[in-house]
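Visitor: Dumping the structure here so I can ask a few things about it.
The values are calculated or read from the model by the stated rules, or taken from the named source; none is laboratory data. As the structure is a computational prediction, the values presented were derived from the model and not from experiment. Every residue, glycine among them, receives a Cβ derived from its backbone with ideal geometry; neighbour counts consider all protein chains shown. Only protein heavy atoms, including side chains, enter the accessible area calculation; ligands, DNA and RNA are left aside. Shrake-Rupley method; radii C 1.70, N 1.55, O 1.52, S 1.80 Å.
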Amino acid sequence: MLQQKIKHLAKQYKKEFIGIRQHLHAHPELSYLEFETSKYIQQKLTEYNIPFEVKATTGVVGIIAGKSSSSRIVALRGDMDALPITEQNTVPYKSTNPGVMHACGHDVHTTCLLGAAKILQQTKDDWEGTVKLIFQPGEEKNPGGASLLIKEGVLKNPAPQCIFGLHVNPQLGISKLSFRGGKVMASADEIYITIKSKGGHAAAPHLTADTILIASHLIVSLQQVISRNRSPLQPSVLSITSFRGGHTTNVIPSEVKLMGTFRAMDEEWRFKAHDIIKKHTVELVHAMGAEADILIDVGYPTVYNNEALNEYAKGIAQDFMGAEAVEETEVRMGAEDFGYYSQIIPGCFFRLGTANAEKGTTSGVHTPTFNIDEDAIEIGMGMMATFGATAHFLA
Ligand SMILES: [Zn+2]
Ligand SMILES: [Zn+2]
């Protein structure tokens, strides 16, 4: 009954929310600078009569109380930041903010959460408990808006028992959703290494330490550090992505800088690997006669999806969309700051299919031609509202 009502409302509001998505898409803002987006969300919540608080400068946290409001508390999260990419789509709602684009679909996530908010507010006499709406800034950039909101108490007063978040997937067909329990995305840490010697004449390498050669050895050897210390059953990847040093043919540079990323699927191995990488870097460089500085900037944790909650959510989604519409999410080495929430409370991070070859919406996220089949908005807002109104989960 309630599910049918929600489905009906999502259909009824589809056009309105496609308009909202196009407005957000045309006005993208970079991580932690989502001032207009935040204002827009606040206006919409005011219009729906939903009380809210502003947290972490641009974050907005709304509360909808249903019947017996303390019986069940569910959080729904939508991220709202855009990327430093110049949009190449020629749609009428193309980005009006030069060099900034909603290329990861966070405009869609915000829209789906606003849509769910409107539906939940309208049906609040039909469901029990409280829904916390988390409009989150800064997903695309360290330290991650999720970590800031958690520091500001978003998971307390009232404390949600579980949290749901969705992400568009342009590799998944329209009208499909995907779920998976367990570890679904990797941790991501940034590596910065500087190798220093006094430098010298290229014709007299014996009078200095060759930073270029040492850096080359280090890059090769770091690959083996990872492959020889990690269990072969445990996914993990280290990529050195930048090598900067030297500017002419006859000088051995006094400094070489390397940058890279380290990703893992296991928190224990992740921090053990940091120690190995640091020790190996310092000792290898030292053994070859130079000095090394290494900084590992700790980023997002792995995204762990509570198995029981995801199994449960998958069942709800199958009821909502039909069994054939629900697939298994693939594991990815990408990262998401949703992992901060799901390390503390049971989380379900699921995917919303947006691919439609006929409409040309198959470009990957973070590309200048990314776009979605807007039919996904009705599904995303209906699904989020359904989880908000019906998910029962006590860990
Ligand atoms: Zn992204
Ligand atoms: Zn994203």
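Visitor: If you scan region 240-250, which residues turn out to be touching a Gly at 6+ places or on another chain (Cβ under 7 Å) and either surrounded by 15 or more Cβ atoms within 10 Å (Cβ to Cβ) or among the hydrophobic types (A, V, I, L, M, F, W, C) (or both)?
Guide: Correct list: ILE240 only.
Visitor: Quick one: which of ALA159, ALA188, ALA117, ALA146 is open to solvent by 50 Å² or more (accessible area, probe 1.4 Å) and of a type in the set (Gly, Ala, Ser)?
Guide: Result: ALA159 is the single residue among ALA159, ALA188, ALA117, ALA146 that is open to solvent by 50 Å² or more (accessible area, probe 1.4 Å) and of a type in the set (Gly, Ala, Ser).
Visitor: Please find, among LEU233, LEU222, the residue that is loosely packed, with under 12 Cβ neighbours inside 10 Å and of a type outside the set (Phe, Trp, Tyr).
Guide: Exactly one of LEU233, LEU222 is loosely packed, with under 12 Cβ neighbours inside 10 Å and of a type outside the set (Phe, Trp, Tyr), namely LEU233.
Visitor: Turning to a different aspect of this structure: Tell me whether region 126-134 contains one or more residues that are farther than 24 Å from ILE344 by Cα and at pLDDT 95 or above.
Guide: Yes, the conditions are met somewhere in region 126-134.
Visitor: Further question on the same structure: Quick one: which of LEU207, LEU148, LEU166 is away from ligand 2 (no atom under 16 Å from the Cβ), closer than 16 Å to ASP79 by Cβ and not β-branched (Val, Ile, Thr)?
Guide: Unique residue meeting the criteria: LEU148.
Visitor: Restricting to region 350-392, and then to whatever is closer than 23 Å to ASP126 by Cβ and open to solvent by 30 Å² or more (accessible area, probe 1.4 Å), can you tell me which residue is farthest from ligand 2 (Cβ to nearest atom)?
Guide: Looking at residues that are closer than 23 Å to ASP126 by Cβ and open to solvent by 30 Å² or more (accessible area, probe 1.4 Å), I get HIS392.
Visitor: Here is a further query. Output the residues belonging to region 52-72 that are closer than 14 Å to LYS124 by Cβ and aliphatic (A, V, I, L, M). It would help to see each step written out before you state the result.
Guide: Of all residues in region 52-72, those closer than 14 Å to LYS124 by Cβ come to 62-69, 71-72.
Result: ILE63, ILE64, ALA65.
Visitor: With the checklist (1) closer than 30 Å to ALA65 by Cα; (2) open to solvent by 10 Å² or more (accessible area, probe 1.4 Å); (3) in a loop (DSSP other than H, G, I, E, B); (4) in contact (Cβ under 8 Å) with a residue 60 or more places away in the chain in hand, flag the one item GLY138 doesn't pass.
Guide: With respect to (1) closer than 30 Å to ALA65 by Cα; (2) open to solvent by 10 Å² or more (accessible area, probe 1.4 Å); (3) in a loop (DSSP other than H, G, I, E, B); (4) in contact (Cβ under 8 Å) with a residue 60 or more places away in the chain, GLY138 is out only on (2).
Visitor: Can you pull out the residues in region 246-268 that are touching a helix residue (DSSP H, G or I) at 6+ places or on another chain (Cβ under 9 Å) and among the polar types (S, T, N, Q)?
Guide: SER254
Visitor: Continuing with the same structure: Might you check whether a residue that is in contact (Cβ under 8 Å) with a residue 60 or more places away in the chain, part of a helix (DSSP H, G or I) and of a type in the set (D, E, K, R) occurs anywhere in region 98-111?
Guide: Yes, the conditions are met somewhere in region 98-111.
Visitor: What number goes with the only condition from (1) part of a strand (DSSP E or B); (2) free of Cβ contacts under 8 Å to residues at least 40 places away in the same chain that HIS206 does not pass?
Guide: Condition (1) is where HIS206 drops out.
Visitor: Among the residues of region 87-110, count how many are of a type in the set (Val, Ile, Thr) and within 16 Å of ligand 1 (Cβ to nearest atom).
Guide: Residues meeting the conditions: 3.
Visitor: Residue under question is MET259, and the condition is that it be open to solvent by 10 Å² or more (accessible area, probe 1.4 Å) and touching a Phe, Trp or Tyr at 6+ places or on another chain (Cβ under 7 Å); does it hold?
Guide: In short, yes.
Visitor: Give me the residue from region 67-88 that is in a loop (DSSP other than H, G, I, E, B), open to solvent by 20 Å² or more (accessible area, probe 1.4 Å) and more than 16 Å from ligand 2 (Cβ to nearest atom) and, out of that set, farthest from TYR32 (Cα to Cα).
Guide: SER68
Visitor: What number goes with the only condition from (1) in contact with a strand residue (DSSP E or B) (Cβ under 9 Å, 6 or more places away or on another chain); (2) away from ligand 2 (no atom under 16 Å from the Cβ) that LEU113 does not pass?
Guide: The number of the failed condition is (2).
Visitor: Now a separate question. Considering only region 35-56, how many residues are touching an Asp or Glu at 6+ places or on another chain (Cβ under 9 Å) and part of a loop (DSSP other than H, G, I, E, B)?
Guide: Qualifying residue count for the region: 1.
Visitor: Which is at pLDDT 95 or above, outside any strand (DSSP E or B) and either among the hydroxyl-bearing types (Ser, Thr, Tyr) or touching a Lys or Arg at 6+ places or on another chain (Cβ under 9 Å) (or both), of ILE119, ILE163?
Guide: From the options ILE119, ILE163, the qualifying one is ILE119.
Visitor: OK, next. Do we have TYR40 as more than 16 Å from ligand 2 (Cβ to nearest atom) and either in contact (Cβ under 8 Å) with a residue 40 or more places away in the chain or open to solvent by 70 Å² or more (accessible area, probe 1.4 Å) (or both) here?
Guide: Working: more than 16 Å from ligand 2 (Cβ to nearest atom): yes; either in contact (Cβ under 8 Å) with a residue 40 or more places away in the chain or open to solvent by 70 Å² or more (accessible area, probe 1.4 Å) (or both): no.
Here the answer is no, as TYR40 does not meet what is asked.
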